[in-house]
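Engineer: Quick one: this structure, given as structure tokens, is what I'll be asking you about.
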Amino acid sequence: MKSKKETKNEKLKLLKMQIKDLKKILSLMRRHVKEERKKGPAIEAEIDHQLSLAQYEMEALSKKVTAAKAHCKKRKREIDEWKLWYNGVAQIDKSAELKQLQEEIAWRAIEIATKEKEISELSLKVLLAEGKCEQLTLRLEALANGIWEGPIDQEPRVKNVLQEIKRLENKVAKLP
């Protein structure tokens, strides 16, 4: 069993490693922001193009989700129709027709399950595409608002890393 001192030392070591890693990231991010600022208007056209592509991707994925949902509804209706058909079969023939009903329901149920899995995967991709569109829109707004003209440390991406470093350094200072 570890003593309190060993646990404290491990926490301290972990925090210091995180701070060191964040400082490396900060350095890279500052360099990246400087390069972006040098590109200026060219970057705006690139972001706008990326946004158009992301919106197209999002719309295409949304159409696939809609088509897959429609396909599932169709198969579910078919299952209901088969059940209605079976309920309409004469009582004397029900046992003979039960196998056909089960076969018809089984392959449709498998197809529905496959489509529902596809729908969930596509829905995740739609959410990711929406996030990408939102990120690119924010970058365009930042360009329009002149965010590139202020100090680099006030740029939101850099500022967030600086805040996290400060938060971790405060944690280190509070350790007894």
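Engineer: State whether one or more residues within the range 61-81 are modelled with pLDDT of 90 or more and more than 26 Å from S123 (Cβ to Cβ).
Structural biologist: Checking the range 61-81: at least one residue is modelled with pLDDT of 90 or more and more than 26 Å from S123 (Cβ to Cβ).
Engineer: Can you tell which of K74, K69 is out of contact with any helix residue (DSSP H, G or I) (no Cβ under 7 Å at 6 or more places or on another chain), within 30 Å of E57 (Cα to Cα) and of a type outside the set (A, V, I, L, M)?
Structural biologist: K74
Engineer: Only one of K94, K76 is of a type in the set (D, E, K, R), part of a helix (DSSP H, G or I), farther than 30 Å from K5 by Cα and out of contact with any Phe, Trp or Tyr (no Cβ under 8 Å at 6 or more places or on another chain). Can you tell me which?
Structural biologist: K76
Engineer: What's the number of the only condition in (1) surrounded by fewer than 11 Cβ atoms within 10 Å (Cβ to Cβ); (2) over 19 Å from K132 (Cα atoms); (3) not aromatic (F, W, Y) that A45 fails to meet?
Structural biologist: (2)
Engineer: Would you check if K11 is assigned to a helix (DSSP H, G or I), out of contact with any helix residue (DSSP H, G or I) (no Cβ under 8 Å at 6 or more places or on another chain) and farther than 30 Å from L138 by Cα?
Structural biologist: Here the answer is yes, as K11 does meet what is asked.
Engineer: For D93, work out the one condition from (1) at pLDDT 95 or above; (2) over 30 Å from E130 (Cα atoms); (3) acidic (D, E) it doesn't fulfil.
Structural biologist: (1)
Engineer: Here's another thing I want to ask about it. State whether the residues of the range 151-158 include one that is farther than 28 Å from L61 by Cα, touching a Lys or Arg at 6+ places or on another chain (Cβ under 7 Å), surrounded by 11 or more Cβ atoms within 10 Å (Cβ to Cβ) and of a type outside the set (V, I, T).
Structural biologist: Yes: the range 151-158 contains one or more residues that are farther than 28 Å from L61 by Cα, touching a Lys or Arg at 6+ places or on another chain (Cβ under 7 Å), surrounded by 11 or more Cβ atoms within 10 Å (Cβ to Cβ) and of a type outside the set (V, I, T).
Yes or no, residue by residue, for (1) touching a residue at least 60 places away in the same chain (Cβ under 8 Å); (2) crowded, with 16+ Cβ neighbours inside 10 Å; (3) in contact with a Lys or Arg (Cβ under 7 Å, 6 or more places away or on another chain):
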| position | (1), (2), (3) |
| --- | --- |
| L14 | no, no, no |
| K23 | yes, no, no |
| K38 | no, no, no |
| A54 | yes, yes, yes |
| V65 | yes, yes, no |
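The values are calculated or read from the model by the stated rules, or taken from the named source; none is laboratory data. Everything quoted here is computed from the prediction, not taken from an experiment. Neighbour counts are summed over all protein chains in view; Cβ atoms, including those assigned to glycine, are modelled from backbone coordinates with ideal geometry.
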